[in-house]
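**Q** Could you have a look at this structure, given as structure tokens, before my questions?
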Amino acid sequence: MKRELKFVAVGSVLFAFTAAVFSVIQNKYQGEAWYVPAGVTALGSLLITLLALVWQLRREVAEFHQLHDDRRQQIDRVLDEAKSSRESIHSEVSAVRNTVSALGDTISSEMEVARNLVELLSRDTQGVTRTRMSLSKRTDVVQKMGHRTLEEFHRIFRATTAGYTVYGEHQSLVAYSIFWQELARLQRSINKLHGGSDAHRLIARVTHSNDVELWMPDHHQIAQDLLDCQKNFADDGGRIVRLFVSPARQADEKYQHTIDQMAAYGVEARFLHYGLKYDYDFIWVSNAQHNIVLTWHSGQNGRGLSRCEVADRAEGNIRRMWRQFGKISEDKDGRFKSIPDSRRLSDLDVDS
């Protein structure tokens, strides 16, 4: 309504002003040769007024279009913000669902471990009782043989303050296989919670100074199983760096074949010349939440295995050994490709 009144007012003023101007001209120059009749004067006033109104109308239309464009842009911004908010909400809801699902899997896994432990202890107690009762029915000689053998089997596995120890080569290799299977399971749980985050990914730093034939399926029955377990861990997102430590200056054919084979199973392997003797090899697996260490103790002359130990902490000696070996290897062959820069060891990591 205000816009229409504005047009009427402007038109009336222009028409009155134009008519007054022409009236003055008529009165002053009446009778002259170029005298303009009153009708033509009125028509001229009307045309000028219409032109002015058209010009004003065009301005109003331009302002209206500008206002419409501004409003449209505001609406588009509001719609974009609403869409972005909706996507963000969906993303957060999805993340919460994944976290809850992963936590549920973790809780279920922990409950399963607890149930298995209780069942194992119960079965073990019952089994020992039945065994002793059965042996008590045998002759004295067979009883003594049986009891001594039973004690020897119990000595194979020992709990420690940081984890457990397994004695004997065959038993140690079985424990080694289980070690990698559980690491693969842990990495899959981490993937559900954190995706492929380098900060949470498990990285295994490994030394090996024992007989390299352990990794040759043609020479060792369990070699293929051990390789497959590590491949599963790598396929699930874990990283493995293995240093074959030897007093030899160069890798011979066996070492080079094994190193090439490791690459096919997702393991970054290197040969490392190191002339000094050290007590044991290790696997140090870590991320932001976990430190898991398996140490190998070799048999005589560095062949075979006498025992392995598993612990849930990485002592300073393990960290210093890896820092030393890793520096020698990287100075010679460049940085490890499997270890992100954010996960490289600092002096603080080694001394902690």
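**Q** If I stretch the segment between residue 65 and residue 333 completely, what's the gain in nm (0.36 nm per residue apart, minus their alpha carbon distance), one decimal?
**A** 89.6 nm
**Q** Could I ask something else about it? How do 270-283, 157-170 rank on mean C-beta neighbours within 10 Å, highest first?
**A** 270-283, 157-170
**Q** Moving to a separate point now. Quick check: residue separation of residue 130 and residue 185 times 0.36 nm, minus the Cα distance between them. What number comes out in nm?
**A** Net length gain for the segment: 16.3 nm.
**Q** Which entries of 83/192; 277/332; 277/327 have Cα-Cα distances beyond 22 Å here?
**A** Distance filter (> 22 Å) returns 83/192.
**Q** Right, something else. Which of the peptides 284-291, 226-233 is most tightly packed, and how do the rest follow, judged by the mean count of other Cβ atoms within 10 Å per residue?
**A** Descending packing order for the listed peptides: 226-233, 284-291.
Rule-based calculations on the coordinates, nothing more; no lab input. Keep in mind it's a predicted model, so treat the numbers as computed, not measured. Glycine also receives a Cβ, built like all others from the backbone with ideal geometry; neighbour counts cover every protein chain displayed.
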